[in-house]
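Okay, so here's the structure we're looking at.
The values are calculated or read from the model by the stated rules, or taken from the named source; none is laboratory data. Keep in mind that this is a model prediction, so the values were computed, not measured. Reconstructed Cβ throughout: ideal geometry from the backbone, glycine too, with neighbour counts over all protein chains shown.
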Amino acid sequence: MSALVLASTSPARRALLDALGVPYEATAPGVDEVVPPGTPVERATAMLARRKAEAVAKVRPEALVLGADQLVELDGAALGKPADATAALGQLRSLSGRTHRIVTAVCLVGPGVDLEEVDVVGMKLFSLSEDELRRYVATGEWQGCAGGYRVEGRGQALFEDIQGDRTSVQGLPMLRVVRMLRSAGML
């Protein structure tokens with residue numbers, strides 16, 4: 001059986017894979033995360049997940065490599081990771097009281113394996129006051145998170161409704177990952 005390598009050092013992704021109990025290694029893919037302007041969000045996440053998996057597979061050609069990427073989509077536009085607290089506050093303001101989508105792509109590549117899936121979850125934030133938004137941003141949880149929130153922490157109190165796989169929101173859609181790993185003979 002091939003080794004499994006997670007092309008990510010995300011603590012949330014690692015926690016989800018740890019819970020599965022499959023031995024794996026994690027490594028930073030170190031890739032450029034820029035996509036051509038106007039790329040549809042589903043395509044952009046799939047492109048980035050594949051880019052990450054393939055970058056690590058070049059270094060570990062004998063392994064099965066799992067790459068993932070995630071973007072938040074509001075009104076057809078992608079919201080990436082905010083650069084600072086002001087940007088996080090702006091993203092959260094735009095999401096307040098509205099439904100948006102979290103699009104998460106996973107790609108598994110390795111000897112004889114090339115699989116890719118995209119998962120979409122609908123998310124609705126409560127209508128939040130300026131004070132609530134500022135208090136949340138002050139927690140720092142927004143750092144490194146598309147949309148400016150982390151649902152596995154204090155950010156879960158921001159949501160009125162979540163439609164879909166919560167593990168996908170956390171960065172790794174485990175129903176899809178399990179299906180891919182089973183298909184590759186890892187489970």
Sort out for me the strands (runs of 3 or more DSSP E) sitting completely within the stretch 1-90 that have 1 or more residues that are acidic (Asp, Glu) and surrounded by fewer than 18 Cβ atoms within 10 Å (Cβ to Cβ).
-> none
Could you look through the stretch 106-140, keep only residues that are part of a strand (DSSP E or B) and out of contact with any Lys or Arg (no Cβ under 8 Å at 6 or more places or on another chain), and pick out the one that is surrounded by the most Cβ atoms within 10 Å (Cβ to Cβ)?
-> LEU108
Residues being over 13 Å from ALA15 (Cα atoms) and assigned to a loop (DSSP other than H, G, I, E, B): count how many of those fall in the stretch 166-184.
-> 1
Looking at (1) among the basic types (Lys, Arg); (2) free of Cβ contacts under 8 Å to residues at least 40 places away in the same chain; (3) farther than 20 Å from GLY122 by Cα, which is the only condition LYS52 fails?
-> (2)
Have a look at VAL22, VAL72, VAL41, VAL65 and point out the one that is closer than 15 Å to GLY144 by Cβ, out of contact with any Phe, Trp or Tyr (no Cβ under 7 Å at 6 or more places or on another chain) and in contact (Cβ under 8 Å) with a residue 40 or more places away in the chain.
-> VAL72
Filter the stretch 100-111 for residues that are touching a residue at least 60 places away in the same chain (Cβ under 8 Å) and either farther than 11 Å from VAL72 by Cβ or of a type outside the set (A, V, I, L, M, F, W, C) (or both) and give the result.
-> ARG101, THR104, ALA105, VAL106, CYS107, LEU108, GLY110, PRO111
Please name all residue pairs, on different chains or six or more residues apart, with Cβ atoms under 7 Å, provided the first residue is in the stretch 167-187 and is buried (at least 21 other Cβ atoms within 10 Å of the Cβ) and the second residue is of a type in the set (S, T, N, Q) and assigned to a loop (DSSP other than H, G, I, E, B).
-> GLY171/SER10
Scope the stretch 141-164; condition under 12 Å from the mean Cα position of the chain (by Cα), surrounded by fewer than 22 Cβ atoms within 10 Å (Cβ to Cβ) and modelled with pLDDT of 90 or more; matching residues | none
